[in-house]
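As structure tokens, the structure follows; a few thoughts come after it.
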Amino acid sequence: MTDRRIVFVVFDGFQPLDLTGPHEVFHNAGGYACDIVAPRAGPVGSVSGLLVHAAHGVADLDPAGADTLVVVGGRGVDRACQDRDLVAWVAAAAAGARRVASVCSGVFLLAAAGLADGRRVTTHWARGEQLAREHPQVRVDCDPIFVRDGRVWTSAGVTAGMDLALALVEDDAGRDVAHAVARQLVLFLRRPGGQSQFSVALWSRQPATDPVRAAVTAIHAEPGARHDVAGLAAHAGLSPRHLQRRFTAELGMPPAAYVERVRVEAAQRALTEGDEPVEAIARRYGFTTAETLRRTFHRRLGVAPSDYRARFRSTARPAGAGHDPREGETA
């Protein structure tokens, strides 16, 4: 089989991991030929000072022939969106590509080229408001780490580009190949696209002392266990009242609220990664009943568990799922 051609678009001030992370995923998967194009051929400076050599400039590379177009992000994207030749080249290359993708703020270039109009897209959480303001015709959702809308794939910031690339490999070559690449690169075995950018482990305060850290570790190790204050206090070696006070002071929320957030995240992953019934997921992660899980999802996420699964589950479209009416081809 002929190698699929991946064309990465970079510019001065790009984020290097937006390029090198997905590039390594495709390289390790095999069956891909990767090219780099920039406004001009030659060295291109990243936001961190790392120089990357672009073998092609938009003036000398035929936009036809890319299987997948990947536009990276970075602080320089706003300036890049003002480069009419670059925007026109992206639009022309996308017209003939089977898939179009962006990493992080690279979606701004897709939007500038008219490729995101009417689409649901994501980007780095810090850029979502700007994207929605500058491109009101685009449906911006900054919760998921990546989104597929037809043949357009977009991802959140930096390392999420590797999750996106693994999803693209899975779409091409199947789950086993994507898992083999993840193992080779010592990556999480592909975070589902619906996993939130706003993980409690990332966005809550971190424990400042060993007793509270022990309680937090116990919660994450087994979200569905009975984590009442007395049980967590036993892990921490503190009295229940003392743990309640210190936990809230150190993490900014009481133990019960933290446990619920961790359980919701665990249920989100289970809904997107497998076919286990909602009732079984509810029991496994401490919600007791499907109705309790449903109420909690509505309160925290504004959506029912079944709807969440339908929206965010595996990016691979089932065989015979038909055509995207906007594309006239199988997505």
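The values are calculated or read from the model by the stated rules, or taken from the named source; none is laboratory data. Keep in mind that what you see is a predicted model, and the values were worked out from it rather than measured. Glycine gets a Cβ as well: all are built from the backbone with ideal geometry, and neighbour counts include every protein chain shown. All accessible areas refer to the heavy atoms of the entire protein, side chains included, with ligands and DNA or RNA removed. Shrake-Rupley method; radii C 1.70, N 1.55, O 1.52, S 1.80 Å.
Observations
- Residue check: residue 34 meets all listed conditions (1) touching a helix residue (DSSP H, G or I) at 6+ places or on another chain (Cβ under 8 Å); (2) in a strand (DSSP E or B); (3) over 27 Å from residue 174 (Cβ atoms) but one, namely (3).
- Residue check, residue 12 in a helix (DSSP H, G or I) and touching a residue at least 60 places away in the same chain (Cβ under 8 Å): no
- Selection of first residues in the range 280-306 that are closer than 22 Å to residue 141 by Cα and open to solvent by less than 10 Å² (accessible area, probe 1.4 Å) and of second residues that are aromatic (Phe, Trp, Tyr) and assigned to a helix (DSSP H, G or I), restricted to Cβ pairs under 8 Å at least 6 apart or on distinct chains, gives the following pairs, ordered by first then second residue: 297/308; 305/297.
- Restricted to the range 203-212, and to residues there that are in a helix (DSSP H, G or I) and open to solvent by less than 70 Å² (accessible area, probe 1.4 Å), the residue that is farthest from residue 261 (Cα to Cα) is 211.
- When residues of the range 54-82 are limited to those that are closer than 22 Å to residue 157 by Cβ and of a type in the set (D, E, K, R), the one surrounded by the most Cβ atoms within 10 Å (Cβ to Cβ): 78
- Restricting the first member to the range 15-38 and to residues that are free of Cβ contacts under 8 Å to residues at least 60 places away in the same chain, and the second to residues that are among the charged types (D, E, K, R) and assigned to a strand (DSSP E or B), the beta-carbon pairs closer than 7 Å and six or more apart or on different chains are 32/4; 33/5; 35/5.
- Within the range 77-86, none of the residues are assigned to a strand (DSSP E or B) and modelled with pLDDT of 95 or more.
- Residue match in the range 38-53 (condition: within 18 Å of residue 113 (Cβ to Cβ) and crowded, with 17+ Cβ neighbours inside 10 Å): yes
- Boolean, residue 158 is at pLDDT below 95, over 11 Å from the mean Cα position of the chain (by Cα) and not in a helix (DSSP H, G or I): no
- Tabulated pairs, the range 205-218, first over 13 Å from residue 242 (Cα atoms), second of a type in the set (D, E, K, R) and surrounded by 11 or more Cβ atoms within 10 Å (Cβ to Cβ), C-beta under 6 angstrom, 6+ apart or interchain: 207/213; 207/250; 208/250
- Some residue of the range 88-100 being out of contact with any strand residue (DSSP E or B) (no Cβ under 7 Å at 6 or more places or on another chain), among the aliphatic types (A, V, I, L, M), surrounded by 14 or more Cβ atoms within 10 Å (Cβ to Cβ) and within 16 Å of residue 12 (Cβ to Cβ): no
- For the range 8-36, taking the residues that are under 20 Å from the mean Cα position of the chain (by Cα) and small (Gly, Ala, Ser), the one that is nearest to residue 53 (Cα to Cα) is identified as 21.
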